[in-house]
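Let me begin by presenting the structure, written as structure tokens, before commenting on it.
The values are calculated or read from the model by the stated rules, or taken from the named source; none is laboratory data. From a predicted model like this one, the values you see are computed outputs, not experimental measurements. With ideal geometry, Cβ positions are generated from the backbone for all residues, glycine too; neighbour counts draw on all protein chains shown. SASA here: full protein model, heavy atoms, side chains in, ligands and nucleic acids out. Shrake-Rupley method; radii C 1.70, N 1.55, O 1.52, S 1.80 Å.
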Amino acid sequence: MEIRFSNRGSTLIAAFSGELDHHFAEYAREKIERELIKATTRNVIFDLTGLSFMDSSGIGVLVGRYANIRKLGGKAAIICSNSRIRKILEISGILKLMPVYGELNDALRALPGA
Amino acid sequence: MQPVNEMKLEFLSKSSNEAFARVVAAAFVSQLDPTIEELADVRTAVSEAVTNAIIHGYENETGIITMVCRLYDKSVEIEITDNGKGIEDIELAMQPLYTSKPEMERSGMGFTVMESFMDRVKVRSKPGEGTTVTLYKTFGSGERAGKNQDK
Ligand SMILES: Nc1ncnc2c1ncn2[C@@H]1O[C@H](COP(=O)(O)OP(=O)(O)OP(=O)(O)O)[C@@H](O)[C@H]1O
Ligand SMILES: [Mg+2]
């Protein structure tokens, strides 16, 4: 699993690729936290389009980061196109915290200051 | 009913084996010619059960996890067993959002994911002895059945 970061204004885009399970959860958590504490970051877009697999361990990673984004006064959104991962997002209730979009541009439009 | 094929795999409760177990299960189940979506469902459910055995069953100590896959004409039965801690209250454990490890960023959705991706999930457990989770799924009930009708 790999995470690439880029910035659009005050919005951090975390682009995941590969498989996000319990084995890679710790790595994902630490990598994102390191970016979150940077002063330039306010909002975060979790781009899951490059993921070929995710299970409930991924939900834990996203919800945990969401709590910290909120503490810093930011917002978060998800981009996802994989139907199985989308189903997990839906049943987990995470969409009540963060909206999900099919494309980056839609997610960027939904967040202020991007 | 007699299975048309069966396999048994034993592996250590290491997190790197989560991917290994779901790849093996998917490869074996492929013999029944499931759709890509059905195969993804199996991979996800197996990953949840194996992860639970590692995190909750053995609590990150080393133990052995056993996976048995039985193939029938159009269905599969996958049994995942650990000899770890066991579950006191199975009904409570299976409730959506229930987790005994919230501090580890668990969401309590594993069983709910298994239940929504498979047809049926059976849990047998004894505190101090271990847990067996059995996942059941019949293939061809969705999209593929529809395609056949078109012919
Ligand atoms: N193999 C097991 N051995 C012992 N306890 C288990 C086992 N599997 C599940 N449990 C118990 O059942 C609870 C619910 O499991 P479930 O997979 O639904 O959620 P979780 O693992 O806590 O969180 P998530 O799967 O969303 O990361 C666990 O918190 C644990 O207490
Ligand atoms: Mg779980």
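Here are some notes:
- Taken residue by residue, region B:63-84 has no member that is away from ligand 1 (no atom under 13 Å from the Cβ), more than 9 Å from chain A (Cβ to nearest Cβ), within 22 Å of A:Ile59 (Cα to Cα) and not aromatic (Phe, Trp, Tyr).
- A search for C-beta distances below 6 Å between a residue of region A:35-61 that is within 14 Å of chain B (Cβ to nearest Cβ) and β-branched (Val, Ile, Thr) and any residue that is more than 16 Å from ligand 2 (Cβ to nearest atom) and part of a helix (DSSP H, G or I), counting only pairs 6+ apart in sequence or on different chains, returns A:Val61/A:Ala28; A:Val61/A:Arg29.
- Condition check for B:Glu115: surrounded by 15 or more Cβ atoms within 10 Å (Cβ to Cβ) and at pLDDT 95 or above: yes
- Any hit, region B:90-97, residues being facing chain A (nearest Cβ under 9 Å) and crowded, with 21+ Cβ neighbours inside 10 Å: no
- Residue that is farthest from ligand 1 (Cβ to nearest atom) [pool: residues in region B:13-38 that are within 11 Å of chain A (Cβ to nearest Cβ), aliphatic (A, V, I, L, M) and open to solvent by 40 Å² or more (accessible area, probe 1.4 Å)]: B:Ile36
- Condition check for B:Val133: part of a helix (DSSP H, G or I) and open to solvent by less than 50 Å² (accessible area, probe 1.4 Å): no
- Here A:Gly74 passes the criteria (1) over 21 Å from B:Pro102 (Cα atoms); (2) open to solvent by 10 Å² or more (accessible area, probe 1.4 Å) except the one numbered (2).
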